[in-house]
Structure formats: structure tokens, C-alpha cells
1. How about the stretch 164-226: which strands (runs of 3 or more DSSP E) wholly inside it have at least 1 residues that are at pLDDT below 95 and touching a Pro at 6+ places or on another chain (Cβ under 8 Å)?
2. I want to confirm something. Restricting to the stretch 295-332 and keeping residues that are among the polar types (S, T, N, Q) and assigned to a loop (DSSP other than H, G, I, E, B), which single residue is farthest from the chain's Cα centre (by Cα)?
3. Being more than 17 Å from the chain's Cα centre (by Cα) and part of a strand (DSSP E or B) is the filter; apply it to the stretch 29-61 and report the residue that is nearest to Ala373 (Cα to Cα).
4. Can you name every residue in the stretch 300-319 that is crowded, with 18+ Cβ neighbours inside 10 Å and over 22 Å from Gly246 (Cα atoms)?
5. Could you list, in sequence order, all residues of the stretch 62-85 that are touching a helix residue (DSSP H, G or I) at 6+ places or on another chain (Cβ under 7 Å) and assigned to a strand (DSSP E or B)?
6. Here's a check for you: in the stretch 221-253, which residue that is farther than 15 Å from Ile335 by Cβ and of a type in the set (D, E, K, R) is surrounded by the most Cβ atoms within 10 Å (Cβ to Cβ)?
7. In this structure, does Ala288 turn out to be without any contact (Cβ under 8 Å) to a residue 12 or more places away in the chain, more than 24 Å from Thr253 (Cα to Cα), surrounded by fewer than 16 Cβ atoms within 10 Å (Cβ to Cβ) and of a type in the set (A, V, I, L, M, F, W, C)?
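The values are calculated or read from the model by the stated rules, or taken from the named source; none is laboratory data. The model shown is predicted, which means the values in this text are computed figures rather than measured ones. When we count neighbours, we look across all protein chains shown, and the Cβ atoms used for this are built from the backbone with ideal geometry, even at glycine.
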Amino acid sequence: MEQEAPTLLETPFHRFHQEHGANLIDFAGWEMPIRYGSIMEEHKQVRNAGGLFDVSHMGRIYFSGRHARRFLERLLTRRVSDMKENTCRYSLICNEEGGVKDDVLIYRFSDKWLLVVNASNRAKLLDHFEQIQGELKVKIDDQTESTAMVAVQGPKVMDIIGQFSSEVPSLKRYSFCQKNLMILKMVISRTGYTGEDGVEVILPAKMADMAVKLLLKDKGESAAIKPTGLGARDTLRIEAAMPLYGHELDEDTDPFEAGLDFAVNLDKDQDDNGETFIGQEALKEIKAQGPRRQLIGIRMQGRRTPRQGNAIYSDGTQLGAVTSGCLSPTLGHPIAMAYVTPGSCSIGDPVTLAAGSSRVEGEIIALPFYKRAK
């Protein structure tokens, strides 16, 4: 007897996606738009003007209570006790061996904290939180399915938002504010995952339709902000060399291999509270020994898209393998990120990518591939 396929979760914007002809796919158990039209055109729309992404599949978990801060210091690789209110910070959650369980954003409110996690890791993280909570008095409130989240990204976004808010465009990077729309409250942070300026907005699920109408009030080909799918979100983040869990990050990869040293505070135990985070001792040893791999960028010749797992060679010796690749809409040629043996190659060195029976020539280049003008 055949088993029925599991029912996919739907975001509060699901009807909007259907009405706008989105190509919907299963993404981490959610039915999500991969594109509305051309991924390349949606990518260019974000680079040149603005795009709106439904990112409601991302987990949104609140922490409060007497020991919430202590719990988060134990959980996260990055120090949170020195965070100011209304700021957010990129951090990691590691296992005891120093491998990455997830990369996250932590938000500090006056009376609580918010952790935004990857959709594919939400279930395992909720189990992890329960295991390490112990006697700590902390309330864990998963509000993923009762809220919505959108990312609005692109060089024209802040000017458009400035037409109905003077506060949001004045936000510094990795800070946020809370705004009221009618009687409902939303959180707006100056964060994103595209390499462009913009905001991410968390709001009650019932506000979803209202928010979309407000942000997409201009219609047609000349609209500054257009609906954008997860396909373009991926090519945008690859150009900006931002890691994606399951590609550049996993439980067998440590933060130093991924070049995320800034997100690890190995001196946490020197604070007055003496806290350490899970995996801290292992990461101290890894830091002392040096990483096993390093993340590099490759510019490929031709038009063939590099795929995760494609082997990278130099003079017949395998250096490593591709973690993410795409035909870059901005640069006009294929690009890839790859892990290689440290010291095995330098910027400017030629390499060969093995894609099935084909061989494609490339060159090591500096990351990121794209950086927006200030």
C-alpha cells in the first residue's frame, strides 16, 4: 500500500503566490515559490531595484524568563550579553565536536530574545533546546506558524520605505525597530541574505495580505519592488558568498573552515559569569591546529553551471569539491564556492572542475564574487 505524501506547510502568503503564478516546490516541508517567471530576471530586479521574498518558512523562536540569557550564552557561539536592545547578531549553534548545527540571527528585545533559524533545522533545534534547558528557567515559544516573514531587498528599497517611515531608513545594519500597523505589531530589521541593502519584516500571520499590498502598491514592469522566488535568493547569496546550511555548513563543518571566525567568541569563559558554549573546547583545539579545509571562490569558463559535489583539480590532483554554484546573472559567467585543502591553491591559480564526463576550466578568485557599492 502506497504511503501518502506528507502535507506541505503553507505560509500566510500562499494564496498570493498562487494568484501571481508562482512555481511552487517542496522546500524543507513548506510549499514555497522557487520563481514567478525567470530566475535571472528576478535576480537582476533585486540587484537593480528591489524584490520581495516570502521567508516565512524560516523558524522564529522566542526566549524569555529568568535564565533566557544564560541559556542563549550556552547555546550560541557568539556572546549575547553585551548586545544592546533592538539589535541583532549573526551567530552559530554548534555540536560538542564544533560542527555547525545551524547558523542563526539572534534579536535582543527589552524583555525577550528572538532566534531566527533555518527551516530545515527547526525541528532538530527545538529538540536540542529541550535537551540543554535542564534546570534553567526559560520559556521557549515557537511562533513560526503563527507569524509571517518577508525580506525586501534591493538598492531602491530604503527610499520606498522612507515614503511611509522615517525611522526604518535610519536603522543601522543589524538593528531593528517595532512598528504598529493598526493594532498589530511588526518587527523590522535591517538585515538580509542577498548582498543588497534592505529589511526583513516579521509580522502576525493575519497581516500578510495587508503587508503585501502596501509593499507592492506599484504594479507593472516598472515597479521598483516585485515578487521574487527562492531561486533568485540562492543565486544572490552565492554571488555575495553567504553560506547556506547543507552546502557550506553542516554538522561535520566547523566555523573556521567556513571563514566564520567573527561569529565565534572563544573567550566566553573569561566573562564574569564563566559561561561556555556547546562546542567551545573542541573549537579551541581546532583553532589551535588550523582548519582542515578552506572555502574558496572559482570563476568558471563557458556557461556550464557548477554543481554541489563536483570535484576540483589542479595538475591532476584533487583539491576539494564544490559546495554551491550558479551561472551568475550579475557577472555573466558561472561561479562556485568550494572547500579545498588549506594552502593547496592561491588566488589566480587555474583549476579544473569535473562535471560528469566533462571538464571545465576555471580560476581561483577572491570572495565575495559581488559586493554592492556603498
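1. 184-189
2. In the first step, residues of the stretch 295-332 are kept if they are among the polar types (S, T, N, Q); the result is 301, 305, 308, 310, 314, 317-318, 323-324, 328, 330.
Of the ones still in play, those that are also assigned to a loop (DSSP other than H, G, I, E, B) are 301, 305, 308, 310, 328, 330.
Values: Gln301: 28, Thr305: 22, Gln308: 18, Asn310: 23, Ser328: 18, Thr330: 20 Å.
Restricting to residues being among the polar types (S, T, N, Q) and assigned to a loop (DSSP other than H, G, I, E, B), the top hit is Gln301.
3. Step one: of the stretch 29-61, the residues more than 17 Å from the chain's Cα centre (by Cα) are 29, 31, 35-42, 44-45, 47-50.
This time we only want the ones that are part of a strand (DSSP E or B), so: 31, 35.
Details: Glu31: 34, Arg35: 26 Å.
That would be Arg35.
4. Met300
5. The answer is Phe63, and nothing else.
6. Within the stretch 221-253, the match that is surrounded by the most Cβ atoms within 10 Å (Cβ to Cβ) is Arg233.
7. Values: without any contact (Cβ under 8 Å) to a residue 12 or more places away in the chain: yes; more than 24 Å from Thr253 (Cα to Cα): no; surrounded by fewer than 16 Cβ atoms within 10 Å (Cβ to Cβ): yes; of a type in the set (A, V, I, L, M, F, W, C): yes.
For Ala288, the condition - without any contact (Cβ under 8 Å) to a residue 12 or more places away in the chain, more than 24 Å from Thr253 (Cα to Cα), surrounded by fewer than 16 Cβ atoms within 10 Å (Cβ to Cβ) and of a type in the set (A, V, I, L, M, F, W, C) - is not met.
Residues are listed down the side, and each one gets a yes or a no for (1) in a helix (DSSP H, G or I); (2) over 18 Å from Arg78 (Cα atoms); (3) basic (Lys, Arg):
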| residue | (1), (2), (3) |
| --- | --- |
| Asp252 | no, yes, no |
| Phe256 | no, no, no |
| Gly259 | no, no, no |
| Phe262 | yes, no, no |
| Gly274 | no, no, no |
| Leu283 | yes, no, no |
